[in-house]
């Protein structure tokens, strides 16, 4: 079990997905769970049930022979201590960067 903050877990999810269509599909589906903070990095809080749903979605979508997804839990002390350098805000442009 991951460390909890209240009734939710704060997570960072990042991926390296080889195929464009699969990568775009995963990104689109991940937005239903956590916020996009960079092109291949998402962050947010999830309950255990939502985390399990997200894991199942990812397992169904990725090719485990070529793709990789990391799910990093952040402890309650780590979240406010997170440092962002530079612009620090990712503006999601509704799939404008998707390859079709």
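The values are calculated or read from the model by the stated rules, or taken from the named source; none is laboratory data. Because the structure is predicted, anything quoted here is derived from the model rather than measured. As a convention, Cβ positions derive from the backbone with ideal geometry for all residues, glycine included, and neighbour counts pool all protein chains shown.
Looking only at residues of segment 1-18 that are at pLDDT 95 or above and loosely packed, with under 14 Cβ neighbours inside 10 Å, we find that the one that is nearest to residue 78 (Cα to Cα) is 16.
Restricting attention to segment 33-49, the residues being part of a helix (DSSP H, G or I) and without any contact (Cβ under 8 Å) to a residue 40 or more places away in the chain number 1. Restrict the check to segment 52-69 and report whether at least one residue is within 11 Å of residue 12 (Cα to Cα) and buried (at least 16 other Cβ atoms within 10 Å of the Cβ). Looking through segment 52-69, at least one residue is within 11 Å of residue 12 (Cα to Cα) and buried (at least 16 other Cβ atoms within 10 Å of the Cβ).
Looking across segment 20-44, the residues that are surrounded by 14 or more Cβ atoms within 10 Å (Cβ to Cβ) and either over 28 Å from residue 87 (Cβ atoms) or touching a helix residue (DSSP H, G or I) at 6+ places or on another chain (Cβ under 9 Å) (or both) come down to 22, 25, 26, 29, 30, 33, 34, 36, 40, 42. For segment 50-77, a tally of residues being touching a strand residue (DSSP E or B) at 6+ places or on another chain (Cβ under 7 Å) and either under 14 Å from residue 33 (Cβ atoms) or assigned to a strand (DSSP E or B) (or both) returns 10.
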